[in-house]
Amino acid sequence: MEEIQILVVDDDTRVCRVLKRYLTEEGYFVHVAENAAQMYDCLLANRINLILLDLNLPDAHGLKLAIEIRADYERMGIIMLTGSVDTVDKVVGLEVGADDYMAKPFEERELLARIRSVLRRTMVAESVLGSSVATFSNYKIDLEAHQLTTIEGELIYLTTHQFMLLSFFVRNCNKVLSRDQIMDEISGKGWAPSDRSVDVLIGKLRKRIEPDVSRPEMITTIRGVGYKFTARVIFQ
C-alpha cells in the first residue's frame, strides 16, 4: 500500500516538530514547511495526500493558499490550523475548500481523528476517479464513453447536460450539492445555467431515470439547499 504523505505548513517550528514526531509515530510520512514558498516546493516534489495549513504564515495568508491548493489539487485533504477563535475565519476556510478546521491549541488525538476522517473521504473519492464504469439502481453508466444503459443493455438517451449532471451526481453520491455547485459543474460551452435552469434540468433527468417522477427516489430535493443523489453507486 502506498505510503500516506502529510505536509505540515506552519511558521512555528515547535508545532512542526511536535506534529512531525507524533504523526510519524502514527505511521504517516510527514513533511514540514515554514512558509508558502517551502510549501509549494514540497507539493511539486511529492505526492501529498493531506495538508495541515496554518492560517497566518509570514509570506501569505492561509485562506488564499487554500483557494490555490484546492484549484490545483482537487482531491487533496486540507485541514486549516489557526490560533484565531474567529468563527468567520472558520466559515470562510470551509467555504474556500478546506475539509476541516482546528483552533490552536488542540489535542493531538483529536487532530489525528480529524486527519483520519478527511483521509477516508478524500482517498475513497480518489479511488473512485480511477474507475469510469459504475452501476446504480437498474442502470450502468460509463463516464468515459458518456453512455447510460440499463443493466440489461438498453441504451438510455441523455443530452450532454443531462449526462454531465448525472455524472456529477454519481461521483458525489449521498452528498448534498447546492445549485451553485451544480451550475459550476455544468456551465460552459455557451451555456450559463441559472437556478431555474438547474431545476428544469433536474426534472428532465428524473424523467429519464426515476421509476416515478412524482416521487423521486434517486435525486432527492433538499429544501433550501439543493439536491442529493441517494442511489447506491458501485464502481467497477
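The values are calculated or read from the model by the stated rules, or taken from the named source; none is laboratory data. Note that this is a predicted model, so its numbers are computed, not measured. Reconstructed Cβ throughout: ideal geometry from the backbone, glycine too, with neighbour counts over all protein chains shown. Side chains are part of the model used for accessible areas, which takes the heavy atoms of the whole protein and leaves out ligands, DNA and RNA. Shrake-Rupley method; radii C 1.70, N 1.55, O 1.52, S 1.80 Å.
Table for the structure above
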| read-out | value |
| --- | --- |
| Rounded FRET efficiency, nearest 0.05, which uses the C-beta distance separating Glu144 from Leu44 and R0 of 45 Å | 0.95 |
| Ordering of 56-63, 168-175 by packing [mean C-beta count within 10 Å, highest first] | 168-175, 56-63 |
| When the chain is reduced to its Cα atoms, the Kirkwood hydrodynamic radius in Å | 19.8 |
| Estimated FRET transfer efficiency (Thr13, Asn56; beta-carbon r; R0 22 Å; 0.05) | 0.90 |
| Average accessible surface area per residue within the chain, 1.4 Å rolling probe, Å² | 55 |
| Thr160-Ala103 FRET efficiency (beta carbon distance; Förster radius 45 Å; 0.05 resolution) | 0.50 |
| Stretchable slack from Thr220 to Arg121, in nm (0.36 nm times residue separation minus alpha-carbon distance) | 33.5 nm |
| Helix runs (DSSP H) in the chain reaching 20 Å along axis by Cα, Kyte-Doolittle at least 0.0 | 108-129 |
| Relative contact order (%) - criterion: Cα under 8 Å, at least six apart; region: the chain | 13 |
